[in-house]
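Reading through the structure tokens given below for one structure.
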Amino acid sequence: MVRVLRDVGPSAPACNDQEVRFTDRADAGRRLANRLQGELAADAVVLGLPRGGVPVGYEVARALGLRLDVVVIRKLGLPYQPELAMGAVGEDVRVLNERVLRMARVDAAELDAVERRERAEVARRTEALRAGRRPVPIAGREVVVVDDGIATGSTARAACQVVRARGARRVVLAAPVAPSSVSKTLADAADELVLLHVSDHFSAVGQFYVDFGQTSDEEVTALLALADDRPAD
């Protein structure tokens, strides 16, 4: 199910692209949390896409009393056309696009080489961002995948596929803003797609933020550490 929740706050009741502006990612996260209030399971887990999705996810998790973690994914690009994904990898899981693999005639050795490289990057990034903390268990739980905005949707789709492959019972994809086309292109990516605003005149996620400065790895690590001060499972 796709839900587009158009009222993003008192400063932008009309949902005009010129009026919809989030102060920063924290503001967007608080507004997203307000719209998700009462909609999620008590043991749901919020997973932020690094880097910019983590500050948004932190506010969602804090406001709703949920666990927060990071979901690091890497797309598996074709050996001779890396921008075209033949699949994706996350922690301990792999999802493949069989149609692309057949079309491109990628053999097992080529796939293995790309996968080894991208798995190493997933491991490196995850270890660096968690800074020694254990991953939050998601098997059998409702999971909310959060980003600061959706542009093409390819990374968000891959993240949802990876999360489902890790055993999530239900997957919700949530973001403050996306182009209008995403409502259709990502309708089947998750069990529910929640957007605060969709735009017919979308050029970049940053156009909907007053402050859209780059989020650093250090900020992500610090937010995960702050969120980790919570009861254990």
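Expressed as a whole percent, how much of the Cα-Cα distance distribution for the range 158-233 exceeds 18 Å?
Numbers: 1726 of 2850 pairs.
Summing the P(r) of the range 158-233 above 18 Å gives 61 percent of all pairs.
Multiplying the sequence separation of D211 and T185 by 0.36 nm and subtracting their Cα-Cα distance, what value in nm do you get? The partial results should precede the final answer.
Values: separation 26, 0.36 × 26 = 9.36 nm, distance 2.79 nm.
Stretched fully, the D211-T185 segment lengthens by 6.6 nm.
Provide M103, M86 in ascending order of the number of other Cβ atoms located within 10 Å of each residue's Cβ, fewest first. Intermediate results must be reported in sequence, preceding the final value.
Values: M103 12, M86 25.
With the fewest neighbours first, M103, M86 line up as M103, M86.
To the nearest 10 degrees, how steep is helix 217-227 against the longest Cα principal axis of the chain, on a 0 to 90 scale?
Relative to the chain, helix 217-227 is tipped by roughly 60 degrees.
What is the order of L68, L101, L196, fewest Cβ neighbours within 10 Å to most? Walk me through the numbers before you get to the answer.
Numbers: L68 24, L101 17, L196 27.
Ranked by crowding around the Cβ, least crowded first: L101, L68, L196.
For E118, what is the net charge nearby, where nearby means another residue's Cβ is under 10 Å from its Cβ and Lys, Arg count +1, Asp, Glu -1?
Details: positive: R74, K75, R94, R116, R117, R119; negative: E115, E121.
In short, +4.
In Å, what is the Rg of the alpha-carbon atoms in the chain, and how long is Dmax?
When restricted to Cα atoms, the chain yields Rg and Dmax of 17.4, 55 Å.
Order of 54-60, 92-98 by packing, highest average Cβ count within 10 Å first? Mind showing how you got there, number by number?
Working: 54-60: 27.9, 92-98: 15.0.
The densest-packed peptide leads the list: 54-60, 92-98.
Can you figure out the FRET efficiency of D24 with M103, using R₀ = 41 Å and their beta-carbon distance, to the nearest 0.05?
About 0.50, to the nearest 0.05.
Could you grab the relative contact order for the range 40-143? Cα pairs under 8 Å, six or more apart, rounded to a whole percent. List each step's numbers first, then the result.
Numbers: 136 pairs, mean separation 30.2, N = 104.
Rounded, it is 29 percent for the range 40-143.
Only counting other Cβ atoms within 10 Å, I'd like D228, D148, D211 sorted with the fewest neighbours first. Don't skip to the answer; put the middle values down first.
Details: D228 15, D148 28, D211 12.
Taking fewest neighbouring Cβ atoms as first place, the list is D211, D228, D148.
Would you look at the GNM of the chain, springs on alpha carbons closer than 10 Å, and say which of P137, P176, P50 moves the most?
Highest fluctuation of the listed residues: P137.
Let me know the whole percent of all Cα-Cα pairs from the range 74-130 that are separated by more than 17 Å. Don't skip to the answer; put the middle values down first.
Values: 511 of 1596 pairs.
I get 32 percent for the Cα pairs in the range 74-130 exceeding 17 Å.
Laboratory data are not the source of any read-out in this text; all were calculated from the coordinates shown. Keep in mind it's a predicted model, so treat the numbers as computed, not measured. Cβ coordinates were reconstructed from backbone atoms using ideal geometry, including for glycine residues, and neighbour counts include every protein chain displayed.
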